[in-house]
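My questions all concern the structure below.
The values are calculated or read from the model by the stated rules, or taken from the named source; none is laboratory data. All values reported here derive from a predicted model rather than from experimental measurement. Here the Cβ is made from the backbone with ideal geometry for all residues, glycine too, and neighbour counts use every protein chain on show.
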Amino acid sequence: MARCGSTRIDRRTDPERNGLWPRHPSDTTACPAWSLFLEIVINVIFALWLVNWRSRSLVLLAAVSGLAMVTVVSHEQSLNVGWNWSTLYAGFVRVTFAFTIGILLARDSATPRQTVSWAALVPIILLILAFGIPVPQQYRTMFDLAIGLFICPTILYYGIVFECPQQIRPLASFLGDISYPVYAIHFPLLFMFNHVA
């Protein structure tokens, strides 16, 4: 067995238990690495292939991957997918939709020029509402789909269109700088707070 940072790579035959994807996301702090892996893969695919696609073709790809995401979430009953071998395909579906929407928004000439406005706080408010409101289990699948298909693209759109006012720009810049490092270690943080609570 070899170790690479906190990611355990085990050459034994059980890929679900060993390697990059454990049986359950709480088994290791390496689980957020699945997201980075999928993002790297879709970026390579974009650089080699999708970069030459016309926007109309990307809209079709976004529509197909969005429909595939509905199917995946209906089957898996969650959008928390891609962290093990059995749901890796679903992680690719999810990242394909999100990445394609991002490219389309960045390319769209109809997207307004960036405006300095307090409306830049809308994404933060949406995130707090989306992740802070308890959702009954029977509505969880629909909630995950709403987040993936509508809320996250809306947050991205607001992030493209609006710039924070000067008064809060240093705070916004700091939060942006630490966002991915916090994501990378959010499992141990969650475990720590769960034990404290």
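Among Ser86, Ser55, Ser78, which is the only one that is farther than 22 Å from Pro32 by Cα, surrounded by fewer than 16 Cβ atoms within 10 Å (Cβ to Cβ) and among the polar types (S, T, N, Q)?
Ser55
Can you spot a residue in the range 174-184 that is more than 20 Å from the chain's Cα centre (by Cα), part of a helix (DSSP H, G or I) and not hydrophobic (A, V, I, L, M, F, W, C)?
no
Any idea which of (1) farther than 23 Å from Thr71 by Cα; (2) surrounded by 12 or more Cβ atoms within 10 Å (Cβ to Cβ); (3) among the polar types (S, T, N, Q) is the one Thr96 doesn't satisfy?
Against the list (1) farther than 23 Å from Thr71 by Cα; (2) surrounded by 12 or more Cβ atoms within 10 Å (Cβ to Cβ); (3) among the polar types (S, T, N, Q), Thr96 comes up short only on (1).
So, in the range 112-158, how many residues would count as being more than 28 Å from Ser74 (Cβ to Cβ), among the aliphatic types (A, V, I, L, M) and in a helix (DSSP H, G or I)?
Total satisfying the criteria: 6.
Can we say Asp144 is acidic (Asp, Glu) and either more than 20 Å from Ala90 (Cα to Cα) or at pLDDT below 85 (or both)?
no
Taking the condition among the basic types (Lys, Arg) and modelled with pLDDT of 85 or more, does Arg169 pass?
yes
Determine which single condition Leu20 fails, assuming it passes every other condition in (1) part of a helix (DSSP H, G or I); (2) at pLDDT below 90; (3) touching a helix residue (DSSP H, G or I) at 6+ places or on another chain (Cβ under 8 Å).
(1)
Among the residues that make up the range 103-114, is at least one of them over 24 Å from Ala33 (Cα atoms), of a type outside the set (D, E, K, R), free of Cβ contacts under 8 Å to residues at least 12 places away in the same chain and out of contact with any strand residue (DSSP E or B) (no Cβ under 7 Å at 6 or more places or on another chain)?
yes
Within 17 Å of the chain's Cα centre (by Cα) and among the hydroxyl-bearing types (Ser, Thr, Tyr): is that true of Ser78 in this structure?
Yes: the conditions hold for Ser78.
I would also like to ask the following. Considering only residues that are touching a residue at least 24 places away in the same chain (Cβ under 8 Å), within 13 Å of Gly148 (Cα to Cα) and part of a helix (DSSP H, G or I), which ones fall in the range 75-99?
Gly91, Val93, Arg94, Val95, Thr96, Phe97, Ala98, Phe99
Quick one: Ser109 ticks every box in (1) at pLDDT below 80; (2) in a helix (DSSP H, G or I) bar one, so which box is it?
The failed condition is (2).
Can you pull out every residue in the range 58-75 that is farther than 19 Å from Glu39 by Cα and among the polar types (S, T, N, Q)?
If the condition is that a residue be farther than 19 Å from Glu39 by Cα and among the polar types (S, T, N, Q), then Thr71, Ser74 are the ones that fit.
Conditions (1) of a type outside the set (A, V, I, L, M, F, W, C); (2) over 22 Å from Tyr180 (Cα atoms), marked per residue:
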residue	(1), (2)
Val44	no, no
Trp53	no, yes
Val64	no, yes
Asn84	yes, no
Val95	no, no
Pro112	yes, yes
